[in-house]
1. Please compare each pair in K3/K82; K3/K26; K9/K58; K26/K82 to a cut-off of 23 Å on the Cα-Cα distance and tell me which ones are over it.
2. Starting at the first residue of the stretch 59-72, write each ³J(HN,Hα) from the Karplus equation 6.51 cos²θ - 1.76 cosθ + 1.60 with θ = phi - 60°, in whole Hz, x for Gly and Pro.
3. Around G84, which amide H atoms from residues at least 5 apart in sequence, or from another chain, sit under 5 Å from its own amide H, with H modelled in the peptide plane?
Amino acid sequence: MEKTHIELKVPSDVYYLEPVRAFIGKLSETLKFPKKRIADIQLALDEICSNAVYHGSKCVTCGIQLRISVAPHALEIVVRDKGGKGPQDWLIPDKLAEIQAQRSPTGERGHGLYLIECLADVHTLQANAVGGTDVTAIFYRDGKTERG
């Protein structure tokens, strides 16, 4: 099986995230991911997209882009936003560490990044050329990871 790419663009509004979540769930099911893993993929995607909508979009019409790549043993999802109202200084390692350190059971911040880290086999965050952030999450079908 060759690598297949699917591209989606949705408005920057949480209203549109449920259909994206349902699509990824159905795609993951078709690709024979186990049910628990499908739920993990959907939750991670929901967190990534929610962050893109709330923190990486200036307006609804800016939209977020998804590039979904299906390979023989993996599903890779890249979510691209165009940048929010604030600076991208949160992407630096010290700031990410600070967000994680301040995460608490009663707090509202930092849980999404933690969930993505726990649920994806591989994940990256990086600034993109349009002033936003690209978040990549890779899920392996066999459950094996390439982490060290």
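1. Details: K3/K82 26 Å; K3/K26 18 Å; K9/K58 16 Å; K26/K82 27 Å.
In this structure, K3/K82; K26/K82 lie more than 23 Å apart at Cα.
2. 7, 4, 6, 4, x, 10, 10, 10, 10, 10, 10, 10, 10, x
3. Close amide H contacts, sequence-distant or interchain: S57.
Read-outs throughout are calculated quantities, based only on the coordinates presented, and are distinct from any laboratory measurement. Note that the coordinates shown come from a computational prediction; the quantities given were computed from them, not determined experimentally.
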